[in-house]
1. Of the numbered conditions (1) over 20 Å from Thr128 (Cβ atoms); (2) within 14 Å of the chain's Cα centre (by Cα); (3) surrounded by 19 or more Cβ atoms within 10 Å (Cβ to Cβ), Ala52 fails exactly one; give the number of that condition.
2. Counting only residues that are without any contact (Cβ under 8 Å) to a residue 40 or more places away in the chain, assigned to a loop (DSSP other than H, G, I, E, B) and either touching a helix residue (DSSP H, G or I) at 6+ places or on another chain (Cβ under 6 Å) or closer than 26 Å to Cys66 by Cβ (or both), how many does the range 86-118 have?
3. Confirm whether Leu13 is surrounded by fewer than 21 Cβ atoms within 10 Å (Cβ to Cβ) and closer than 23 Å to Ile181 by Cα.
4. How many of the residues in the range 84-120 are buried (at least 19 other Cβ atoms within 10 Å of the Cβ), of a type in the set (A, V, I, L, M, F, W, C) and farther than 19 Å from Thr15 by Cα?
5. For the range 166-190, which residues satisfy the criterion of being modelled with pLDDT under 95 and either more than 18 Å from the chain's Cα centre (by Cα) or among the polar types (S, T, N, Q) (or both)?
6. Residue under question is Thr58, and the condition is that it be closer than 18 Å to Glu188 by Cβ, hydroxyl-bearing (Ser, Thr, Tyr) and in a helix (DSSP H, G or I); does it hold?
7. Any residue in the range 67-75 that is under 20 Å from Leu185 (Cα atoms) and either outside any helix (DSSP H, G or I) or of a type in the set (Lys, Arg) (or both)?
8. Looking at (1) assigned to a helix (DSSP H, G or I); (2) free of Cβ contacts under 8 Å to residues at least 40 places away in the same chain; (3) not hydroxyl-bearing (Ser, Thr, Tyr), find the lone condition where Asp32 falls short.
Amino acid sequence: MRIRKPTDFRYLLCTFLLLLPVMIILSFFSADTYSIIRNTTSHLGAQGAPNAWIMNMTFILVGISCILEAWLHLRRYWFLLLLLCIFGLNLVLVGIFSHAPIVEGAVYDALEDRLHSIFASIAGFSFTAFAISSAFIEKTTRHRAADMSVGLTAALLSLLMACLPDYAGLWQRVLFTVSFIWLILLLERTRAASSLKKAAHQGSLSLQD
């Protein structure tokens with residue numbers, strides 16, 4: 001039986017399949033005032049929120065999986081590797097430093113809330129830059145267009161979260177779903193291209209023998 005290598009595992013796919021139900025189902029087990037339309041996933045992990053550790057641990061796991069995938073599959077593209085690692089690291093930090101409570105009048109750590117906002121903003125900027133930059137390594141026009149579209153969509157949805165905060169929870173969940181599905185598909189293409197390149201190299205060595 002073939003021993004599986006670290007590159008064989010779909011780390012991000014597994015954590016995304018965890019993120020999807022958590023950011024939906026946990027909404028019904030959070031603060032009484034929580035709204036899945038208005039409130040974001042950061043509010044699910046807010047200071048003092050019921051079951052906040054579940055959302056925060058999910059952020060950390062998704063962030064770690066992004067860093068792992070970057071090191072395993074993007075080492076040929078140092079700029080993309082750097083951007084995805086920055087994104088993943090800041091997701092981890094978003095999970096460590098929590099948002100302010102959504103319950104008015106609750107006591108909270110203002111510095112922790114500020115750090116959470118900073119790390120969330122860096123994660124957003126780095127992902128948008130990553131998506132747009134990915135277009136430059138693609139082999140087909142279709143994939144280049146998809147990369148650019150995802151980058152622009154991420155920027156637009158982030159803007160909508162700021163301009164229409166009553167729907168921030170909805171915009172963010174759409175953003176997460178679109179972004180991570182695209183990222184998983186991009187990593188699959190990168191994985192397949194590496195496998196083909198390795199197979200071609202082994203085939204050339206065999207012919208030389």
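The values are calculated or read from the model by the stated rules, or taken from the named source; none is laboratory data. Computed from a predicted structure; not experimentally measured. Backbone-built Cβ (ideal geometry, glycine too); neighbour counts: all protein chains shown.
1. (2)
2. Within the range 86-118, residues that are without any contact (Cβ under 8 Å) to a residue 40 or more places away in the chain, assigned to a loop (DSSP other than H, G, I, E, B) and either touching a helix residue (DSSP H, G or I) at 6+ places or on another chain (Cβ under 6 Å) or closer than 26 Å to Cys66 by Cβ (or both) number 1.
3. Criteria met by Leu13.
4. 4
5. Thr190
6. It is false that Thr58 is closer than 18 Å to Glu188 by Cβ, hydroxyl-bearing (Ser, Thr, Tyr) and in a helix (DSSP H, G or I).
7. Looking for residues that are under 20 Å from Leu185 (Cα atoms) and either outside any helix (DSSP H, G or I) or of a type in the set (Lys, Arg) (or both), one finds at least one in the range 67-75, hence yes.
8. (1)
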